[in-house]
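Data first, discussion second: the structure below is written as structure tokens.
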Amino acid sequence: MTPELESAYSGRKLASRFATGASSVAVVLALLPLVAVFAYVVSRGARAISIPFFVEPIGERGAGMANAIVGTIQLVFLASAMGIPLGIMAGLYLAEYKATRLARAVRFSADVLAGVPSILVGVVVYAVVVVWMKQFSAFAGAAALAIVMLPLVARTTDELARAVPDSLREAALALGASRWRTALFVVLRTAAPGIRSGCLLAVARVCGETAPLLFTAYNNRFYNDSLLDPTSTLQVQIFTYTMTPNDDWHAQAWAAALVLVAIVIVLGVVARRLLDEKVPG
Amino acid sequence: MTQRALATPPRLPPQPPRSLRFAGMGKSGSADRTFGALGAGAAGALGLVLIGVAVSVARIAWPSIQASGFSFVTTSVWDPSRGVFGALAFVWGTILTSTVALILAVPIGLGVALFLTDLGPPHLRKPVSSLVELLAAIPSVVYGLWAALVLAPILRTTVQPALAKIGGPLFRGPNVGFGILCASLVLAIMLLPTIASVSRDVLRAVPAELREGALALGATPWDAVRLVVLPHARHGVFGAILLGVGRAVGETMAVAAVVGSRADISPSLFAPGYTMSSVIANEFPVASSELHIAALAEVGLLLFVITVAFNVAARILVARSNKSAAGAQA
């Protein structure tokens, strides 16, 4: 290398090293808030968590969040029961009839729907379900969460089912299986581990969804007697307590945040495990 | 079966023998149609949800659209008790918080994405990638709680007094911690994973041959990024930023917790403000009158139009970028 080239190259090498350094700084800056949020949630939450937190209903000093925990579990189960089967059906249809105009349009609108602010889902469920039933209810909250889940589940199913090789479909069809059998017993089964993992991630996502519940499930100081009553949830209760100037309630909110974050992370880890296990093909 | 039987293959009947048919084989046509119809129904329902959102939000908003007309988006007086509704302050708050958040999150998010695809040491890429995804998994309310009880006091005691020394229209006014700056910071934290992971995918879709070609010609990693990767992926990166905008505009709970909840228009970042999504979150559950609900729904309608526009544009850009990369690979 000539000296001029040599010096030009060393300049570029310096620039490259600088860029690498800058990107490392960006990583540190991005992880700083993660560490900060975690540290606070774990330390303050662990200090505030106690047995009454899990067994006493919402109230003044010494109370817990038992009814909010039950409420969140109720809503998430009900929402999953509505959103997951419908989402898988829709996703399977999108994959099996991938080239039709309907499939293209729905795929696009699912992507857009996933970007619509979840609070608007709350407004819609309010307009349709709450106004119709004339009261806030756990059912309305679950419906809102199901709508949030729907595009997530459908698009995951779609992506994974489309990744199933066509040779498997052709083999099934050549053996005389009908299309629906092929879809349900060959395509869906092949893609199942990934779909299960996608569904868990969707469940994790709605465990933390708060905005669509504010005026659908609303809030309740007591256990709800039925799904037609308003119900308290961990998410909404965290927000309510955040907005008060009361230290006891802040402590309760930290404890609830710890429980919520723990649930979300456990679901995420299990989802990843499922995905890693799938390999046998 | 013996060897000889195999040597002369029997002529197959046109239909498999009865013993080899399984139940429902001959009737698969109608079952297929049912399956197709059910699937189409489910998919159609999914498509209808989007239209349903638009129609039902517009329907509740209708009384307000009639009452306020165009002044709804040009005035900023929001007084539910007198029935006067102007949403300009919310639009302003949304634009200001999203802009500040993007100014912070875009360079950092892009830096993280480049670290994950080109610049960082390979053995660090996977753990960093998982950690960034963890950042996206934390619920919005938890960020709200943290911002209100931890971040806002830090801003009040140390950051904002320091910024106030710089002065200027951005950094002055009351110092309470809660306000536009706090909301923007927490928004930036929440946008980061979106921008980082979508741009990472877009950058990864740039064909390896292009990178290798550049490196083989003597380019440093940064040269390859600057001259080959980024120009190739620019539409997709722009799409990632637009997706970030969509998230910033729609993010509700964390912002509602710290934005200060006052319908004012002020250029100061210290001042309390309001955003479109957070005013719906705070006032919709306690709305006093039909018109108040309608006005909040109209804010929702604005929010819907804005987020859908950004998302559609972003999806088109990202899809086109990934497709052109795939085409170059083929």
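No value in this document is a laboratory result; all are computed from the given coordinates. Note that the coordinates shown come from a computational prediction; the quantities given were computed from them, not determined experimentally. Positions of Cβ are backbone-derived with ideal geometry, glycine not excepted, and every protein chain shown enters the neighbour counts.
Secondary-structure-derived ellipticity at 222 nm for the protein assembly as shown, considering helices only, amounts to -23000 deg cm²/dmol, per-run term -39500 (n - 2.57) for DSSP H runs with n ≥ 4. If the chain linking A:Asn246 and A:Arg162 were pulled fully straight, counting 0.36 nm for each residue of separation and taking away their Cα-Cα distance, it would gain 25.0 nm.
Positive end of the dipole of the protein assembly as shown (Cβ unit charges, origin at the Cα centre): among A:Thr72, B:Gly250, A:Leu200, the Cα lying farthest that way belongs to A:Leu200. Computed from the C-beta positions of B:Ser76 and A:Ala15, the FRET efficiency with R₀ = 45 Å rounds to 0.40.
Proximity of backbone amide H atoms, modeled 1.01 Å from N, is registered between B:Trp78 and B:Gly86 at under 5 Å, excluding neighbours fewer than 5 places apart on the same chain. Positive-end ranking of A:Met133, A:Pro230, A:Met243 along the dipole of chain A, with charges on Cβ about the Cα centre, is headed by A:Met133.
Placing +1 on each Lys and Arg Cβ and -1 on each Asp and Glu Cβ, with no other charges, gives segment A:1-136 a dipole about its Cα centre of roughly 140 debye.
Measuring nothing but how far apart in sequence close Cα pairs (under 8 Å, 6+ apart) lie, relative to its length, segment A:68-247 scores a relative contact order of 35 percent.
Contact order, relative form, for chain B: 25 percent (alpha carbon pairs under 8 Å, 6 or more residues apart, mean separation divided by residue count). Projecting the Cα positions of B:Gly69, B:Ala37, B:Leu48 onto the charge dipole of the protein assembly as shown (unit charges on Cβ atoms of Lys, Arg, Asp and Glu, taken about the Cα centre) puts B:Ala37 furthest along the positive direction. In the elastic network of chain B, a GNM with C-alpha springs shorter than 10 Å, the most mobile of B:Leu191, B:Leu149, B:Leu116 is B:Leu149. Spin-label model, B:Leu227/A:Ala8: points 7 Å from Cα along the beta carbon direction are separated by 0.9 nm. With the simple model of a label 7 Å out from the Cα in the direction of the Cβ, A:Arg221 to A:Val128 spans 3.4 nm.
Just A:Gly21, A:Gly198, A:Gly176 to compare: in a GNM of chain A, with alpha carbon springs under 10 Å, which one fluctuates most? The residue with the greatest mean-square fluctuation here is A:Gly21.
Put a plus charge on the Cβ of each Lys and Arg, a minus charge on the Cβ of each Asp and Glu, and nothing anywhere else: the dipole of the protein assembly as shown about its Cα centre is then about 1780 debye.
Put a plus charge on the Cβ of each Lys and Arg, a minus charge on the Cβ of each Asp and Glu, and nothing anywhere else: the dipole of segment A:68-247 about its Cα centre is then about 560 debye.
In a fully extended conformation the segment linking B:Ile51 and B:Ser289 would gain 83.0 nm over its present Cα-Cα distance, using 0.36 nm per residue.
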